[in-house]
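Student: What follows is a structure written as structure tokens; I'll ask about it next.
The values are calculated or read from the model by the stated rules, or taken from the named source; none is laboratory data. Worth saying up front: this structure is predicted, and the values here are computed from it rather than measured. Every residue, glycine among them, receives a Cβ derived from its backbone with ideal geometry; neighbour counts consider all protein chains shown.
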Amino acid sequence: MKQRKQAMPSRTIRRGRAARGSQEPAARARAPLPTVFQIAAECTVADAGTLCSGLEKLLKDPGVVKLDISAIQRIDTAGLQVIGAFARERAAQQLPVAWQGDSAAFASAAKLLGLTALLGLPELQG
């Protein structure tokens, strides 16, 4: 009696990457999904250490890092300095930073301190 060969288990494709040996060129060309970092509602000198350590982990992320500013209700110079330093360091490494959401407090503070260009924000009307 002949024995049947067992089928090999299929490979799982994770994070938009094709499994090794895949013949799908479109799957190989896909970029990794962006990383989204949610900035807290309070972004002040008291929170700068936490913000800094969170962003530091993403400095070398090869994909797009999206900073979600939608929760920000209060931000001071220290918070903007941390975010500005992160954006500047990523730009120096030619790594992208994108913005997600809107925050009047963030936009106002960035404009007041003249940081819209450094942060890569569109010029704000006002």
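Student: Take the residues in the stretch 82-99 that are surrounded by fewer than 16 Cβ atoms within 10 Å (Cβ to Cβ) and of a type in the set (A, V, I, L, M), then tell me which one is nearest to C52 (Cα to Cα).
Tutor: A85
Student: Any idea which of A98, A92, A78, A87 is without any contact (Cβ under 8 Å) to a residue 60 or more places away in the chain and within 18 Å of Q38 (Cβ to Cβ)?
Tutor: A87
Student: What do you reckon, is F37 at pLDDT 95 or above, assigned to a strand (DSSP E or B) and within 18 Å of the chain's Cα centre (by Cα)?
Tutor: Here the answer is yes, as F37 does meet what is asked.
Student: Any residue in the stretch 82-89 that is within 17 Å of A110 (Cβ to Cβ) and either among the charged types (D, E, K, R) or touching a Phe, Trp or Tyr at 6+ places or on another chain (Cβ under 7 Å) (or both)?
Tutor: yes
Student: Another question, then. Residues of the stretch 55-70 being surrounded by 16 or more Cβ atoms within 10 Å (Cβ to Cβ) and assigned to a helix (DSSP H, G or I), which ones?
Tutor: L55, the sole residue that qualifies.
Student: Since G16 meets every condition but one in (1) among the small types (G, A, S); (2) within 30 Å of L113 (Cβ to Cβ); (3) modelled with pLDDT under 95, which condition does it not meet?
Tutor: (2)
Student: Have a look at G79, G84 and point out the one that is part of a helix (DSSP H, G or I) and within 14 Å of L121 (Cβ to Cβ).
Tutor: G84
Student: Moving on. Take the stretch 113-123 and flag every residue that is more than 15 Å from A98 (Cβ to Cβ) and surrounded by fewer than 12 Cβ atoms within 10 Å (Cβ to Cβ).
Tutor: Passing the criteria: G114, A117, E123.
Student: Of the numbered conditions (1) within 13 Å of the chain's Cα centre (by Cα); (2) under 14 Å from I39 (Cβ atoms), V64 fails exactly one; give the number of that condition.
Tutor: (2)
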